[in-house]
């Protein structure tokens, strides 16, 4: 952002209007998004200049290496409505969202990505729904033609499998883009679990909700930071966090292979004593052995996913470690029992 734009930001922040209207906090997780953040900031200002609401913009720097932190320092000095927190290392997108929710003070909170695929122009519609009494307004992707076909197909299949297997109703085609009431945010902040799937936790909490359809935009600049493997990991986390179906699947597959083993024993007995056909040799035995071994490994892997999450909870490590923050003490999590050491803080 050039000097003139920073000067404009300073003028915007210096106006210091005393809002008797709602304060809307916007939480933006960012990892190496310096190419997109200035444009996001500009569009948010345009939106909120025409909205009967105050703006608090909190950007969560997930240990970026492209100069994002330096830019945030300058912007927060120029515009007091902008604040930031910065992690000591990369803790991931869902943790960044969690940290943002714990550090905002708005009457309602918008969560959106930094790449402008979640358009700020949808916020007034979400705000109107919130004023109607809805406590969560979920951005639902009506169209996502900008994404590759493989990603669209993966998302379509995953969301419907999750909706089918989950023990709660998780909306399909709904990402992290949403507006949440303060009561909803406070409830999410009270949940202690560490493997967090925020869009699933929103559904678990409940409250009055409504969908807000929007068209997913092209990424403004740069390349996506969320690889297929990260998306797959998030998908597995969501499935394991909100469904016991994988454990039941392991049980059903075990019963099925047990039945096949008994059937095979019966066939061997029949071939041996009631026919003159020679017994099939090592090929059949090796195939059966490999099949049963794969089932065992699959079952162990499924159990390991659940046991690993129990292990994470037992360790009780903090969700993240802060390297730097422009947030004052009034917005620190009230339930935080972590210790401070120099400039770092664990939460």
Arrange 180, 126, 303 by Cβ neighbour counts within 10 Å, fewest through most, would you?
303, 126, 180
Going by how many other beta carbons lie within 10 Å of each one, how would you line up 84, 91, fewest first?
91, 84
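So how do 255, 37 line up by other beta-carbon neighbours within 10 Å, fewest first?
255, 37
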Burial ranking of peptide ranges 258-270, 104-116 (average Cβ count within 10 Å, highest at the top)
104-116, 258-270
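Computed from the coordinates by the stated procedures, all read-outs in this text should not be read as laboratory data. Here the structure is a predicted model, which is why all the values come from computation and not from measurement. Reconstructed Cβ throughout: ideal geometry from the backbone, glycine too, with neighbour counts over all protein chains shown.
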